[in-house]
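The structure under discussion appears below in the form of structure tokens.
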Amino acid sequence: MTARRIRTGRWTRLELTGLLVVTMYLVSCATDAGPLAAAQRAASEEEAEFFYVLKDVERNPGHRIMADAYCQVRYGKLDAEFGLSPLIVGLLEVPESNAAEVYCRALVEAVAAGELTGSDLTDAQATTPEGLVAMGEVMRGLLVAHERLYAQQVQKPPQAQFCGCGQ
Amino acid sequence: MVHVVVGLLQVGDEDATKAVCEALTKATATGSYSAEQFRSFSLSVESETSLLELGRLMRALYFAHILKPIPTASKP
């Protein structure tokens with residue numbers, strides 16, 4: 001697949017509203033840039049960590065449960081800041097309260113299935129035409145993965161859904 | 001939006017507009033998307049609502065695009 005980038009909150013604000021950029025600029029002008037820079041660094045480190053978690057799933061699809069958990073901890077704690085929440089609600093037809101959880105499941109499923117890569121997500125944040133193409137591909141990957149997970153869930157007999165034993 | 005559609009529907013740049021129009025028409029005809037929703041999307045630029053509407057539109061386009069063409073009445 002082509003290079004694509006998506007970094008949830010930042011992409012949303014930068015690409016669709018520009019609000020964060022303006023806010024950060026104003027804040028950095030009005031206050032000491034130290035704390036802001038530290039926060040940005042921390043966010044960047046978290047994103048790098050998540051990138052490597054996804055890279056691990058690419059190589060080892062069996063690690064998806066860990067990646068899913070990592071993703072949910074990351075976005076769950078930032079629920080109010082999950083910038084893509086409205087997009088996921090519309091794209092996957094899920095309640096807003098479940099957006100981060102569903103996003104993580106679909107994302108990890110897509111990566112484990114080889115339909116998306118960690119690099120794809122990173123690349124999709126570019127505001128270039130290529131980045132927008134990548135964003136479309138990421139949305140496609142999320143849709144496909146989400147529908148597959150839903151179909152699997154529907155096909156499972158109630159007992160299997162409960163105990164996971166397949167009987 | 002054309003670039004996003006290229007990635008979403010896996011079509012070439014030159015086919016993107018045609019693909020969007022076909023999918024949008026199909027989605028509207030089958031009732032999975034409405035003119036009101038498209039109007040909301042168009043009017044909700046640069047807001048959180050736009051993300052919601054964008055997601056809905058992309059979903060509708062994707063499913064309409066992958067659907068087989070609606071069969072027409074067979075000729076006598």
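Computed from the coordinates by the stated procedures, all read-outs in this text should not be read as laboratory data. Quick caveat: nothing in here was measured; it's all calculated off a predicted structure. Virtual Cβ from ideal backbone geometry, glycine too; neighbours counted across all protein chains shown.
Between the listed residues B:S32, B:L57, B:V11, the Cα displaced farthest toward the positive end of the dipole of segment B:2-66, a dipole computed from Cβ unit charges relative to the Cα centre, is found at B:S32. Once the Cβ-Cβ distance of A:M66 and A:E96 is raised to the sixth power relative to R0 = 35 Å, the FRET efficiency obtained is 0.85.
If you take the square roots of the eigenvalues of the alpha-carbon gyration tensor of segment B:2-66 and sort them as a ≥ b ≥ c, do you get rounded (a/c under 1.5), prolate (a/b over b/c) or oblate? Here segment B:2-66 falls in the oblate category. Here the dipole of segment A:49-141 is about 180 debye; that uses its Cα centre as origin and unit charges on the Cβ of Lys and Arg (positive) and Asp and Glu (negative).
Peptide B:11-17 has a mean of 1 when you count, residue by residue, the C-beta atoms of other protein chains within 10 Å of its C-beta.
Amide H contacts of A:A124 (H built 1.01 Å from N, in plane; Pro and chain starts excluded): A:R4, A:R5, A:I6 sit under 5 Å, all sequence-distant by 5 or more or on other chains. Distances between placed amide hydrogens fall under 5 Å for A:L116 paired with A:V111, all partners being 5 or more residues away or on another chain.
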